[in-house]
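Everything on this sheet refers to the single structure shown next.
The values are calculated or read from the model by the stated rules, or taken from the named source; none is laboratory data. Just so it is clear, the model here is predicted, and its values are computed rather than measured. Every residue, glycine as well, gets a Cβ built from its backbone with ideal geometry; the counts of neighbours run over all protein chains shown. In case anyone asks, the SASA skips ligands and DNA or RNA and just uses the protein heavy atoms, side chains included. Shrake-Rupley method; radii C 1.70, N 1.55, O 1.52, S 1.80 Å.
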Amino acid sequence: MRTVWGSLAIGAATMLVLGAAAGHATAEGVFIDQFETNAECVAAGEQYRSSDTWPDCVYGQQGSGWQLWVRSAGG
């Protein structure tokens with residue numbers, strides 16, 4: 001069941017990013033999740049890498065951890 005929910009989350013994030021690229025893209029991209037370490041963030045982000053999107057790990061404000069954003073190449 002976890003795999004199903006993960007696949008649904010990936011599909012939803014991809015649709016949001018691609019929809020933003022086709023319509024009103026923002027420089028922010030789409031926030032996916034937050035992680036304690038950069039390595040965890042980078043590893044989780046690889047599933048979002050495509051010819052149209054790329055994962056971007058950014059350290060959050062006030063020590064909130066590493067935030068995974070998916071950016072669009074069309075934005």
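Assess whether TRP54 counts as being of a type in the set (Phe, Trp, Tyr), free of Cβ contacts under 8 Å to residues at least 60 places away in the same chain, open to solvent by less than 50 Å² (accessible area, probe 1.4 Å) and assigned to a strand (DSSP E or B). Considered against the rule, which asks whether it is of a type in the set (Phe, Trp, Tyr), free of Cβ contacts under 8 Å to residues at least 60 places away in the same chain, open to solvent by less than 50 Å² (accessible area, probe 1.4 Å) and assigned to a strand (DSSP E or B), TRP54 comes out as no.
Of all the residues in the range 24-45, those that are at pLDDT 95 or above and either of a type in the set (Gly, Ala, Ser) or part of a helix (DSSP H, G or I) (or both) number 8.
Please determine whether any residue of the range 65-75 is part of a loop (DSSP other than H, G, I, E, B), among the hydrophobic types (A, V, I, L, M, F, W, C) and at pLDDT 75 or above. Checked against the condition, which is being part of a loop (DSSP other than H, G, I, E, B), among the hydrophobic types (A, V, I, L, M, F, W, C) and at pLDDT 75 or above, the range 65-75 yields at least one hit. Residues that are free of Cβ contacts under 8 Å to residues at least 24 places away in the same chain and of a type outside the set (S, T, N, Q) were ranked within the range 57-75; the one that is surrounded by the most Cβ atoms within 10 Å (Cβ to Cβ) is CYS57.
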